[in-house]
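Student: Take this structure, written in structure tokens, and hold onto it; I'll ask about it next.
The values are calculated or read from the model by the stated rules, or taken from the named source; none is laboratory data. Here the structure is a predicted model, which is why all the values come from computation and not from measurement. Every residue, glycine among them, receives a Cβ derived from its backbone with ideal geometry; neighbour counts consider all protein chains shown. Note: accessible area is taken over every heavy atom of the protein model, side chains too, but ligands, DNA and RNA are not part of it. Shrake-Rupley method; radii C 1.70, N 1.55, O 1.52, S 1.80 Å.
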Amino acid sequence: MSELIAVYDAAGHEVGVEERAVVYAEGLWHASAGVLVRSLDGERIYVHKRTDTKAVFAGMHDCLAGGVLDPGEDPAGAAIRELGEELGIELGPSDDRPRPLVTAAWDGEWAGRPMRCHLFAYEVRYDGPIRHQPEEIVDGWWWTDAQLRAHLADPAWPFVPDTRRMIPNLLR
């Protein structure tokens, strides 16, 4: 059975449900939530490389662990879920909740087709172990904001375009 995800309108309201493949093929508006993992001292961020088998942005780098919203799911809940799924970071009841950073709408293109997404970015502070989900992430490392900016200065460096749109509001 295909995965069902929430479909949104251009204004950012959930309006229905559709198969993920249909959303991508038809360029339907949807939503995703991602978490910037920053070290406890605030000096470094976790950057990772996506697998070559991902449906979108395969093999590209990102600094947000995240994914699309399920039907009826709120962005903060999706952010916590994705943090656990992709990086193995499970927030306990006494941990701080992810702090909202920025929201944006991205009306772009991927693989020659429209890609439209409402983006919700959050931040957590964390220095514990990280465990990649092998189907999602190939590798990861800690960089300073300056190191990530230096790589982003090269427009050919393969970095996911929706997160790139939010970088000015994510980095210091």
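Student: For the chain, with all protein chains present and a 1.4 Å probe, just round the carbon and sulfur fraction of the accessible area to a whole percent.
Tutor: Carbon and sulfur together cover 51 percent of it.
Student: Residues with amide H under 5 Å of Arg131's amide H, sequence separation 5 or more or different chain, H placed in the peptide plane at 1.01 Å from N; which?
Tutor: Placed amide hydrogens put Gly88, Ile89 under 5 Å from Arg131.
Student: Of all beta bridges DSSP finds with both residues in the stretch 31-169, what is the antiparallel percent, to the nearest 5?
Tutor: 75 percent
Student: A further question on this structure: Name the shape class, rounded, prolate or oblate, that the alpha-carbon gyration tensor gives for the stretch 21-167, where a ≥ b ≥ c are the square roots of its eigenvalues, rounded holds for a/c under 1.5, and otherwise prolate holds if a/b is larger than b/c and oblate otherwise.
Tutor: Values: a/c = 1.61, a/b = 1.22, b/c = 1.32.
The shape class here is oblate.
Student: A further question on this structure: Suppose R0 equals 25 Å; then what is the FRET efficiency for Glu19 and Ala150 from their Cβ-Cβ distance, rounded to the nearest 0.05?
Tutor: Numbers: r = 39 Å, r/R0 = 1.57.
Calculated transfer efficiency: 0.05.
Student: Only Lys, Arg, Asp and Glu count, each charged at its Cβ (+1, +1, -1, -1), so figure out the dipole size of the chain about its Cα centre, rounded to 20 debye. If you can, show how the numbers build up before the last one.
Tutor: Details: 17 positive and 29 negative charges, 114 e Å.
Charge dipole of the chain: 540 debye, to the nearest 20.
Student: Using a 1.4 angstrom probe, figure out how much accessible area the stretch 1-123 has per residue, in square angstrom, rounded to the nearest whole. Can you show the working numbers first?
Tutor: Numbers: 5530 Å² over 123 residues.
Accessible area per residue: 45 Å².
Student: Summing Lys, Arg as +1 and Asp, Glu as -1, what charge do residues with Cβ under 9 Å from the Cβ of Ser39 carry, Ser39 excluded?
Tutor: On the way: positive: Arg38, Arg44, Arg125; negative: Asp41, Glu43, Asp127.
Overall, the nearby charge balance is 0.
Student: Just the number please: accessible area per residue for the stretch 126-172, 1.4 Å probe, all protein chains included, in Å².
Tutor: About 58 Å² of surface per residue is accessible.
Student: While we're looking at this one, here's another question. Enumerate the calculated ³J(HN,Hα) couplings along the stretch 53-64 in order (Karplus 6.51 cos²θ - 1.76 cosθ + 1.60, θ = phi - 60°), each rounded to whole Hz, writing x wherever the residue is Gly or Pro.
Tutor: 9, 5, 5, 10, 6, 4, x, 8, 8, 7, 10, 10
Student: Take Ala104 and Ala10, extend 7 Å from each Cα along the Cα→Cβ direction, and tell me the distance between the two endpoints in nm.
Tutor: 2.0 nm
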